[in-house]
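J.: Input: one structure, supplied below.
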Amino acid sequence: MKDKVTYGTTVIEYDLEYKPRKTLGIKVYPDKTIKVLAPEETSIEKVREKVKKKSSWILKQQDFFLSFHPLTPPRKFVSGETHLYLGRQYRLKLQDSSRQKVKLTGRRIHVYVKDKEDKKAIERLLKGWYKDKASKHFKTLFNELKSLSKSFYESEPQLTYRWMKKRWGSCDKNGKVHLNLELIKAPKKCIEYVIVHELCHLKYLNHSTAFFELLEKVYPDWKATKDRLERLMV
């Protein structure tokens, strides 16, 4: 069931599920949703009281996730429209051509396409171009930064990347760092920060005090870079 509490001026909405368990648990997910697991006989008043007590922690957890929430309106894929690449804006230039390709020249991204009205084809070409660029830049930055994990992670971290709807990046218990291909639109400094953030998760798969102490140690200006990333319009 859905429920909510008010913390100051903030409304905290959560999914409530009753389970055969002894204690009440609260989980905050990467997409900032909240799930509360409560013992079967717990009253709704007790649940709300507990959530209110944990409100500060809940909001802190939501803030610390590297969530991907695009601020830019949906793209129309027409000439003159702006698109980002490594933090800089470029104008889209559509050109008729039997040979489909994408080329960056000056401050323009030229898309050569058979039919300039075929928006799906244009989008597909652009995404392919972004993926090729991401493959190059992500690998270079990851290879430069992965040595930071040597002091706290014994194995060799691995890099993967894909399109993600809700996160800039993630890390799993098998030592894999996953990056959102949308990151290729961000400045290199922001890409670097996401990589370092996820490398720190190789030691702490949470957002505990110990995690942030480690992040602060290996990347002192992480807060300013994270703020810059969250203001990015992709």
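The values are calculated or read from the model by the stated rules, or taken from the named source; none is laboratory data. What you see is a predicted model, and the numbers here were worked out from it, not measured in a lab. Every residue, glycine as well, gets a Cβ built from its backbone with ideal geometry; the counts of neighbours run over all protein chains shown. Please note that ligands, DNA and RNA were not included when accessible areas were found on the heavy atoms of the full protein model with its side chains. Shrake-Rupley method; radii C 1.70, N 1.55, O 1.52, S 1.80 Å.
J.: Which condition number does residue 103 fail, the rest of (1) among the charged types (D, E, K, R); (2) within 24 Å of residue 65 (Cα to Cα); (3) modelled with pLDDT of 95 or more being met?
T.: (2)
J.: So, one more: Pick out, from the range 155-207, the strands (runs of 3 or more DSSP E) lying fully within it that include 2 or more residues that are open to solvent by less than 30 Å² (accessible area, probe 1.4 Å) and in contact with a Phe, Trp or Tyr (Cβ under 9 Å, 6 or more places away or on another chain). Walk me through it before giving the result.
T.: Details: elements: 158-162, 169-171, 176-180.
By residue number, 176-180.
J.: Looking at (1) in contact (Cβ under 8 Å) with a residue 60 or more places away in the chain; (2) open to solvent by 30 Å² or more (accessible area, probe 1.4 Å); (3) not basic (Lys, Arg), which is the one condition that is false for residue 67?
T.: Failed condition: (2).
J.: Counting only residues that are in contact with a Cys (Cβ under 6 Å, 6 or more places away or on another chain), open to solvent by 40 Å² or more (accessible area, probe 1.4 Å) and in contact (Cβ under 8 Å) with a residue 40 or more places away in the chain, give me the strands (runs of 3 or more DSSP E) lying completely in the range 85-140 with at least 2 of them.
T.: Strands (runs of 3 or more DSSP E) meeting the threshold: none at all.
J.: Restricting to the range 206-217, give me the number of residues that are touching a Cys at 6+ places or on another chain (Cβ under 7 Å) and farther than 21 Å from residue 183 by Cα.
T.: The qualifying residues number 2.
J.: Being without any contact (Cβ under 8 Å) to a residue 24 or more places away in the chain and either among the aromatic types (Phe, Trp, Tyr) or surrounded by 12 or more Cβ atoms within 10 Å (Cβ to Cβ) (or both) is the filter here, so list the residues in the range 214-227 that pass it.
T.: Across the range 214-227, the qualifying residues are 215, 216, 217, 223.
J.: Here's another thing I want to ask about it. Of the numbered conditions (1) over 13 Å from the mean Cα position of the chain (by Cα); (2) in contact (Cβ under 8 Å) with a residue 60 or more places away in the chain, residue 204 satisfies every one except a single condition; which is it?
T.: Result: residue 204 fails condition (2) only.
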